[in-house]
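Shown next, in structure tokens, is the structure this report addresses.
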């Protein structure tokens, strides 16, 4: 069951949060406003901008799914905020259906739907790590097989290029009569 928060000041850093925590509308607005506020904006202006951005994401673009009358799941809200403002929400737990929301050093595009939920305990972390290590081992095996196939086809391509070069040279020679 999701934990519901009742704070509205945007200071959620001292609460133990999970990605499935339900964040009320006022706290979501305060959180977004606090972290994205420009130095020239007043508190009210920052909250107005955050409210408009959240409403736009829900109603117009459909980016912010999972909203309800009670509020938002924190993981969905943070995943949306990370896409919109990279680097400003990396310390909060996030998950989203469709993209992986984790800190990475390189970008990988994949086809299909990927759902990643950040583990909330050490046991879940170890289980997830074991699964991912198995996936990595399987992918490394596929890379080895594909590399062997590539090397074989590269040798065939080299032979073909040599044959084409020889035939081109022979075609340019003067023919016997």
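The values are calculated or read from the model by the stated rules, or taken from the named source; none is laboratory data. Remember, predicted model here, so these are calculated numbers, not experimental data. No Cβ is skipped: glycine too gets one built from the backbone with ideal geometry, and neighbour counts run over all protein chains shown.
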Among the listed residues 67, 120, which satisfies the condition of being modelled with pLDDT under 75 and farther than 30 Å from residue 139 by Cα? 67
Is it true that residue 2 is within 16 Å of residue 79 (Cβ to Cβ), at pLDDT below 85 and surrounded by fewer than 17 Cβ atoms within 10 Å (Cβ to Cβ)? yes
So residue 96 clears everything in (1) exposed (fewer than 13 other Cβ atoms within 10 Å of the Cβ); (2) at pLDDT below 70 except one condition, right? Which one? (1)
Taking the criterion of being at pLDDT below 85, within 25 Å of residue 121 (Cα to Cα) and assigned to a loop (DSSP other than H, G, I, E, B), would at least one residue in segment 28-40 satisfy it? no
